[in-house]
Amino acid sequence: MAELQTEPVVVIGLGRFGSALARELVERGTEVLGIDNRPKLVQSMVGQIPHVITADTTDIEALRQLGVAEFNRAVVAIGTDIQASILTTSLLSELGIADIWAKAISEQHGKILERVGAHHVVAPEHDMGERVAHLLSGRILDYVEVDADFAVIKTKPPRDVVGIPLRDSKLRSRWDVTVVAVKPQAAMAGRQPGFTYATPDTVLNYGDLILVVGAIDAVERFAATE
Ligand code: ADP
């Protein structure tokens, strides 16, 4: 099993995303240095984030003085000010930080962040928008994109796969998806446990909840089947 990552993290930009991230890391026992250039905001974070400081992270001297170069991990959570986000990311790269995460507000922004040295680009607004669109579309009850082209969804089985063992359901050849877990309908009335792993012998019923994995197109097609 991979070791838990508890190495200290610098979080730059304590807007909605950065401050939520920093608080969550602190809660999980990770040491965090939070930096923002708005003194009032920084003041309001004292008490929530043990180490929080006002600085302009587009200034390499400020980064050096704060000892940012000693950290192996950093998150650039500046979004709106694209110039500051890009400059900060490139300075962190120049300082040799091994693991740089950066928030992008558009695809182009993300591409530039990768070019200037971000090792991971996250697009929380975009990803959440896509996720909510899937949920609003109706049949998908939960949706998590696990890679650019792969997703896990929670949905209900279409008519053609109900009442027969999964091994005979042609899930792979017809939709190219895999059912990994099932929560029988009866479980919702409290009579059975929640989700359990699906096996080739599992027989689905109408109304069961299932977790399905596959390419995004494939799981969408599957969920759209009546
Ligand atoms: P969110 O949508 O998550 O609130 P924002 O882009 O609005 O993201 O917020 C980013 C934060 O980054 C703001 O609090 C802002 O003060 C901070 N920030 C912007 N530029 C700099 C900079 N040069 N140095 C440090 N912090 C910065």
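The values are calculated or read from the model by the stated rules, or taken from the named source; none is laboratory data. These numbers were taken from a predicted model, which means no experiment stands behind them. Every residue, glycine as well, gets a Cβ built from its backbone with ideal geometry; the counts of neighbours run over all protein chains shown. Only protein heavy atoms, including side chains, enter the accessible area calculation; ligands, DNA and RNA are left aside. Shrake-Rupley method; radii C 1.70, N 1.55, O 1.52, S 1.80 Å.
Projected area of the stretch 155-226, taken from the Cα convex hull and averaged over every viewing direction, in nm²? Taking the Cα atoms of the stretch 155-226, their convex hull projects to 4.3 nm² on average.
Put a dot 7 Å past the Cα of Thr199, heading toward its Cβ, do the same for Asn72, and the two dots end up 4.2 nm apart.
For the chain, what proportion of DSSP beta bridges, expressed in % and rounded to the nearest 5, is antiparallel? Within the chain, antiparallel bridges account for around 50 percent of the total. Note on surface exposure: Lys40, Lys156 rank Lys40, Lys156 by accessible area, highest first, 1.4 Å probe. Rounded to the nearest Hz, the phi-derived 3J(HN,Hα) couplings of the stretch 94-109 under the Karplus curve 6.51 cos²θ - 1.76 cosθ + 1.60 (θ = phi - 60°) are 4, 6, x, 5, 6, 9, 10, 10, 9, 8, 10, 9, 8, 5, 5, 4, where x marks glycine and proline.
The stretch between Asp147 and Arg28 holds 40.4 nm of extra length on full extension. This uses 0.36 nm per residue minus the Cα-Cα distance. Phi angles across the stretch 120-137 convert, under the Karplus curve 6.51 cos²θ - 1.76 cosθ + 1.60 with θ = phi - 60°, into 3J(HN,Hα) values of 9, 10, 10, 10, x, 5, 4, 4, 5, x, 4, 5, 5, 4, 5, 5, 5, 5 Hz, Gly and Pro given as x.
Each residue of the stretch 208-216 was assigned a 3J(HN,Hα) from its phi angle through the Karplus curve 6.51 cos²θ - 1.76 cosθ + 1.60 (θ = phi - 60°); the sequence is 4, 9, 10, 9, 10, 10, x, 4, 4 Hz, with glycine and proline shown as x.
Evaluate the Kirkwood expression for the hydrodynamic radius of the stretch 71-226, namely the inverse of the mean inverse distance over all pairs of different C-alpha atoms, and round to one decimal in Å. After inverting the pairwise mean of 1/r, the radius is 17.9 Å. Computed about the Cα centre, the dipole magnitude for the chain is approximately 820 debye when only Lys and Arg (+1) and Asp and Glu (-1) carry charge, each at its Cβ.
Rounded to a whole number, what % of the accessible area of the stretch 1-143 do carbon and sulfur atoms account for, probe 1.4 Å? Solvent-exposed carbon and sulfur of the stretch 1-143 make up 53 percent of the total. Placing unit charges on the Cβ atoms of the charged side chains and taking the dipole of the chain about its Cα centre, the candidate lying farthest along the positive direction among Asn205, His120, Val42 is Asn205. Potential lengthening of the chain between Ile164 and Glu130 amounts to 8.9 nm, from the contour at 0.36 nm per residue minus the alpha-carbon distance. Secondary structure note: in the stretch 140-226, about 95% of the DSSP beta bridges are antiparallel.
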